[in-house]
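I have placed the structure first, in the form of structure tokens, so that the comments after it can refer back to it.
The values are calculated or read from the model by the stated rules, or taken from the named source; none is laboratory data. Predicted model, so just to flag it, every value in this text is computed and none were measured. Note that we place each Cβ from the backbone using ideal geometry, even for glycine, and neighbour counts take in every protein chain shown. With ligands, DNA and RNA removed, areas are computed over all heavy atoms of the protein, side chains included. Shrake-Rupley method; radii C 1.70, N 1.55, O 1.52, S 1.80 Å.
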Amino acid sequence: MTVESTAARTSRRSAGSKAGTTGTKRTTSATKKAAGAGKSAEPALVQLLTPEGKRVKNAEFDRYVDGITGDELRGLYRDMVLTRRFDAEATSLQRQGELGLWASLLGQEAAQIGSGRALRDDDYVFPTYREHGVAWCRGVDPTNLLGMFRGVNNGGWDPNGNNFHLYTIVIGSQTLHATGYAMGITKDGADSAVIAYFGDGASSQGDVAEAFTFSAVYNAPVVFFCQNNQWAISEPTEKQSRVPLYQRAQGFGFPGVRVDGNDVLANLAVTKWALERARAGEGPTLVEAFTYRMGAHTTSDDPTRYRGDEERLAWEAKDPILRLRRYLESSNHADEGFFAELETESEALGRRVREAVRAMPDPDHFAIFENVYADGHALVDEERAQFAAYQASFADEDGGK
């Protein structure tokens, strides 16, 4: 794949011109030109389905989806609808005090479902904490995710049972884990691949740069899948990088590609291509899924403080689920009966999730003090005692009840 240059190239002027102040101004001017060129027109991205639901041709990636059946298309739509329904229920449960926190994936369903369905069973996934759609594709029960955010389990699933690692809260560290695992696959002689998910914010972490270095040097069969939802909490992408994120792969010696993150077919095709490269011994790939976080970073965040409604409304018009529905309807791959049945299934999923969470025990309030130090610590003991007194004060206020 042809990868664009990191910044526009400026012509070199011959030496021997005036030094001192003039030379400084000349250098500054060239720097500003390069910076401006780097921020010019947005680069092209791989798109197979327009926001209006029209199928567009792509000579390089069509072959990965040309054989897709009506059943498979309806399956992708079902995955996205049920993932969004589960996500909405989780957000409501947190607002009602049933979960401590929730990181919504609203708007990122196509990136997650498309890439998740591109994987083989023997591939291994290293997620962050927002990959609920990928977890769905790997067969992880949604209630296990909610148990973690409620504080009653540490994930609730066996990573080796689904080849889906536990959620990683530390930003960017899973890219190193994925690289090491991929290097191990190579030594074992297996033909499976690894995929590491992270966001645009994590792309600024040193762990990610280190993972890029090791994966390139050791030709590791790993796909770095960056969901660029354009906001690292309140920090826009342009405050983190002067070039599109996929172009960073260039400096490490492997290809990068930008895909329309709201196009499930494009994400499916590009991820299949990248995994195919990995299995063939061609090394790592960086996929930048250019999408948008329609909701808050987490339920503790207020996105209205740092972005406007105009931006959000513009992206709602590119909604990944509506896009595929339009295609299904125009191509006669789905009728009203299918959508009605899916709506019924969606509501049933919402009820199951709500009932499961409400049946969970309350988290142990004192578990946070356990295993901080192997042999205990006086300060931890003091903090535990203070917290116990604080908890007891509520019982005192209720008359000892």
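A few comments on the model shown:
- For segment 56-65, Karplus couplings with θ = phi - 60° (6.51, -1.76, 1.60), whole Hz, Gly/Pro x: 10, 8, 9, 4, 8, 10, 4, 4, 7, 10
- Basic side chains Lys and Arg get +1 at the Cβ, acidic Asp and Glu get -1 at the Cβ, and with that the dipole of the chain about its Cα centre reaches some 2540 debye.
- Point-charge dipole on Cβ atoms (K/R +1, D/E -1) for segment 197-340, about Cα centre, debye to 20: 360
- Taking every DSSP helix (H) stretch of at least 4 residues in the chain, weighting each as -39,500 (n - 2.57) and dividing the sum by the residue count yields a mean residue ellipticity at 222 nm of -14500 deg cm²/dmol.
- In sequence order, segment 355-371 has phi-based couplings of 5, 5, 5, 5, 8, 6, x, 6, x, 6, 5, 9, 5, 4, 8, 7, 6 Hz under the Karplus curve 6.51 cos²θ - 1.76 cosθ + 1.60, θ = phi - 60°, and Gly or Pro positions carry x.
- Cβ-derived FRET efficiency at R0 22 Å, residue 120 paired with residue 154, nearest 0.05: 0.25
- Rg and Dmax over the alpha-carbon atoms of segment 186-292 stand at 13.5, 43 Å.
- Above 18 Å, the calculated P(r) of segment 163-226 contains 28 percent of its Cα-Cα pairs.
- As a fraction of the 1.4 Å probe accessible area of segment 333-373, surface on carbon and sulfur atoms comes out at 53 percent.
- Residues whose amide H comes within less than 5 Å of that of residue 46, counting only those at least five positions distant or on another chain, are 258, 259, 260 (H built at 1.01 Å from N in the peptide plane).
- Hypothetical label at residue 59: residues of segment 264-298 whose amide nitrogen lies under 12 Å (7 Å Cα-Cβ projection): none
- Heavy-atom surface analysis with a 1.4 Å probe gives segment 130-264 a carbon and sulfur content of 51 percent of its accessible area.
- Along the chain, longest interval not containing exposed chymotrypsin sites (Phe, Trp or Tyr not before Pro), exposed being DSSP loop plus at most 13 other Cβ atoms within 10 Å: 1-305
- Accessible area per residue, Å², the chain with all protein chains present, probe 1.4 Å: 49
- Among beta bridges from DSSP that stay inside the chain, the antiparallel ones total about 10%.
- Label-point separation, residue 234 to residue 343 (7 Å along Cα→Cβ), nm: 4.0
- Near residue 48, once Lys and Arg are set to +1 and Asp and Glu to -1 for all other residues with Cβ below 15 Å from its Cβ, the sum equals +3.
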